[in-house]
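One structure below.
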């Protein structure tokens with residue numbers, strides 16, 4: 001059975017996930033998304049993965065959330081609060097969500113996952129460094145290339161051709 | 001270190017809930033940035049599953065793969081936001097129903 005910290009964390013995470021999608025202002029929505037991502041980092045801590053939790057906080061809460069906030073601020077003001085939605089589509093979406101939750105939930109609860117427990121000590125995070133430098137070292141190099149190409153691609157995409165040097169359009 | 005009181009099924013249930021909320025957002029929202037939020041939630045549900053199963057096997061490779069997954073998601077968000085900014089500059093809107101001419 002889950003303890004109180006786990007329950008509180010799951011309520012916080014799922015509640016703020018719903019708020020991130022449903023709250024009217026996109027700025028508050030992105031702050032709610034930040035709370036969701038921090039809650040996931042809390043789950044990582046509960047699952048004895050402190051290194052991944054710190055990585056999650058520094059990457060998601062530190063950089064991605066700030067990136068999203070700045071993008072939201074670049075968009076026109078009335079679009080931030082704009083919320084056009086087809087009501088029929090909305091009901092269909094809620095139905096889909098409930099079907100997935102109930103269906104996958106019953107499958108998982110009915111499966112043998114419930115009996116899995118462990119008494120083994122948690123994995124030492126030094127083992128992750130060994131993994132990175134031995135078995136996964138080619139993947140690590142490829143990952144560095146992917147990150148570099150993603151950053152360069154984002155810069156090229158977001159560049160404006162119509163503004164030359166020394167000229168500003170505010 | 002405290003003994004682990006939570007079971008695997010708890011983590012998986014939370015992950016399923018996050019996945020369902022993400023799919024709901026992806027299906028209903030027309031705002032491009034909100035769809036990006038939904039994608040983030042789905043990716044995080046997958047990461048949570050990886051970490052939970054890695055704890056209960058126990059194995060360090062799940063954590064390694066989660067680190068890779070987080071880095072890939074960061075790259076994906078950067079490119080996705082750049083695409084949204086380009087589309088906003090072209091159409092002056094972030095409603096995906098307006099991005100008609102992207103269909104070719």
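For A:34, B:90, A:143, which order do you get if you count the other beta carbons within 10 Å of each Cβ and list the fewest first?
Values: A:34 20, B:90 12, A:143 17.
The order, fewest Cβ neighbours first, is B:90, A:143, A:34.
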(request) Work out, step by step, the length gained on full extension between residue A:114 and residue A:73: first 0.36 nm times the residue separation, then minus their alpha carbon distance; give nm to one decimal. (result) 10.3 nm
(message) If I model a spin label as a point 7 Å beyond the Cα along the Cα-Cβ vector, how far apart are those points for residue A:96 and residue A:8 in nm?
(response) 3.5 nm
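From the convex hull of the Cα coordinates of the stretch A:58-135, what is the mean projected area in square nanometres? Walk me through the numbers before you get to the answer.
Working: hull surface 42.2 nm².
The orientation-averaged projected area of the Cα hull of the stretch A:58-135 comes to 10.5 nm².
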(request) Calculate for chain A the 222 nm mean residue ellipticity that helices alone would give, adding -39,500 (n - 2.57) per DSSP H run of length 4 or more and normalising by residue count, nearest 500 deg cm²/dmol. (result) -22000 deg cm²/dmol
(request) Would you order A:102, B:16 from fewest to most other beta-carbon atoms within 10 Å of each residue's own beta-carbon? (result) A:102, B:16
(message) Can you give me the distance in nm between label points at residue A:63 and residue A:106, each placed 7 Å from the Cα along the Cα-to-Cβ direction?
(response) 4.4 nm
(message) Can you give me the angle between helix B:61-91 and the longest principal axis of chain B, using Cα atoms only, in degrees from 0 to 90, rounded to the nearest 10?
(response) 10 degrees
(message) Tell me the Kirkwood radius of the stretch A:29-162: reciprocal of the mean inverse pair distance over distinct alpha-carbon atoms, in Å.
(response) 19.6 Å
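Could the peptides A:105-115, A:147-157, B:43-53, A:44-54 be put in order, highest first, of the mean number of other beta-carbon atoms found within 10 Å of their residues? All intermediate terms of the calculation are to be shown ahead of the outcome.
Numbers: A:105-115: 12.2, A:147-157: 13.8, B:43-53: 22.8, A:44-54: 20.9.
Per-residue Cβ counts within 10 Å, averaged per peptide and sorted highest first, yield B:43-53, A:44-54, A:147-157, A:105-115.
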(request) Determine the distance separating the Cα centre of the stretch A:64-116 from the Cα centre of the stretch B:85-101; give it in Å without decimals. (result) 22 Å
(request) List B:95, A:86 from most exposed to least, where exposure is judged by having the fewest other Cβ atoms within 10 Å. (result) A:86, B:95
(message) Roughly how far apart, in whole Å, are the Cα centres of the stretch B:8-45 and the stretch B:46-62?
(response) 19 Å
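Is the shape of the protein assembly as shown rounded, prolate or oblate, going by the alpha carbon gyration tensor and its root eigenvalues a ≥ b ≥ c, with a/c under 1.5 for rounded and a/b larger than b/c for prolate?
Numbers: a/c = 2.32, a/b = 1.40, b/c = 1.65.
Since a/c reaches 1.5 but b/c is at least a/b, the shape of the protein assembly as shown is classed as oblate.
What FRET efficiency comes out for residue A:19 versus residue A:134 if R0 is 41 angstrom and r is the Cβ-Cβ distance? Round to the nearest 0.05.
Working: r = 42 Å, r/R0 = 1.04.
After rounding to 0.05, the efficiency reads 0.45.
Coordinate-derived values only; no laboratory data. In this text the structure is predicted, and so the values were computed from the model without any measurement. Methodologically, a virtual Cβ is constructed for each residue, glycine included, from the backbone with ideal geometry; neighbour enumeration extends over all protein chains shown.
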